[in-house]
Amino acid sequence: MRHRAHLPAAERQAISRLHALLSRPGLLHGSLQSNRRRCGNPRCRCNRGYLHVSPLLRVVEGGRQVSLHVPAVWEARVRAWLKRDQEIRQILGQLAAMYSARLKARKE
């Protein structure tokens, strides 16, 4: 395998960005949704239409979709982890397109 210095600039940048994203902790693949519900207390404001909102993380585990409650203090962190996953997948798609184009052109 050749050293990175011999790669095209766009490919080097994508690999460097991918490396930087993977070197940070926290990565989730799923989606964050808001759950609105009533608590059951007859004197609570949710009975007047102001439903309780709680964030849910939807992930696939073992082929089944699972919902996990996300505490409010974790919501920003979970959003960052989900965003990092999206960025990594986007970069992987760009790299795959570059390698596919290279294969079609029969270039090393």
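Within the stretch 79-108, find all residues whose amide N lies under 12 Å from a label point positioned 7 Å from the Cα of residue 68 along Cα-to-beta-carbon.
Taking a point 7 Å out along Cα→Cβ of residue 68, the residues of the stretch 79-108 whose backbone N falls under 12 Å are 79, 81-82.
Just to verify a number: what accessible area does residue 29 come out at with the full protein assembly present, 1.4 Å probe, Å² rounded to tens?
Accessible area, nearest 10 Å²: 110 Å².
Testing the spin-label approximation: label points 7 Å from Cα along Cα→Cβ at residue 101 and residue 24. State their distance in nm.
2.7
Report, in whole Å, the centroid distance computed from the Cα atoms of the stretch 21-59 and the stretch 70-102.
22
In Å and on Cα atoms, what radius of gyration and Dmax does the chain show?
Rg then Dmax for the chain, in Å: 21.3, 72.
What is the sum of charges around residue 23, taking Lys and Arg as +1, Asp and Glu as -1, for the other residues whose C-beta is under 15 Å from the C-beta of residue 23?
Details: positive: 17, 24, 84; negative: 85, 87.
Neighbourhood net charge equals +1.
Sum -39500 (n - 2.57) across every DSSP H segment of at least 4 residues in the chain, then divide by the residue count to get the 222 nm mean residue ellipticity, nearest 500.
Numbers: 2 runs with 46 residues, N = 108.
Mean residue ellipticity at 222 nm (helix-derived): -15000 deg cm²/dmol.
Let me know the Kirkwood hydrodynamic radius for the stretch 23-70, please, with Cα pairs as the basis and the value in Å to one decimal.
Numbers: mean 1/r = 0.0780 Å⁻¹.
Computed over Cα pairs of the stretch 23-70, the Kirkwood hydrodynamic radius comes out at 12.8 Å.
Would you mind working out the magnitude of the charge dipole of the chain relative to its Cα centre, with +1 at each Lys and Arg C-beta and -1 at each Asp and Glu C-beta, to the nearest 20 Debye? Walk me through the numbers on the way to the answer.
Numbers: 22 positive and 6 negative charges, 54 e Å.
The calculated dipole for the chain is roughly 260 debye.
What is the gain in length, in nm to one decimal, between residue 80 and residue 50 on full extension, counting 0.36 nm per residue of separation less the C-alpha to C-alpha distance? Walk me through the numbers before you get to the answer.
On the way: separation 30, 0.36 × 30 = 10.80 nm, distance 2.81 nm.
So the chain would gain 8.0 nm between residue 80 and residue 50.
The values are calculated or read from the model by the stated rules, or taken from the named source; none is laboratory data. The structure displayed is predicted, hence computed values, not measured ones. Don't worry about glycine lacking a Cβ; one is built from the backbone with ideal geometry, like all the others, and counts go over all protein chains shown. Ligands, DNA and RNA are stripped out before the accessible areas are found, and what is left, the full protein with its side chains, is counted by its heavy atoms. Shrake-Rupley method; radii C 1.70, N 1.55, O 1.52, S 1.80 Å.
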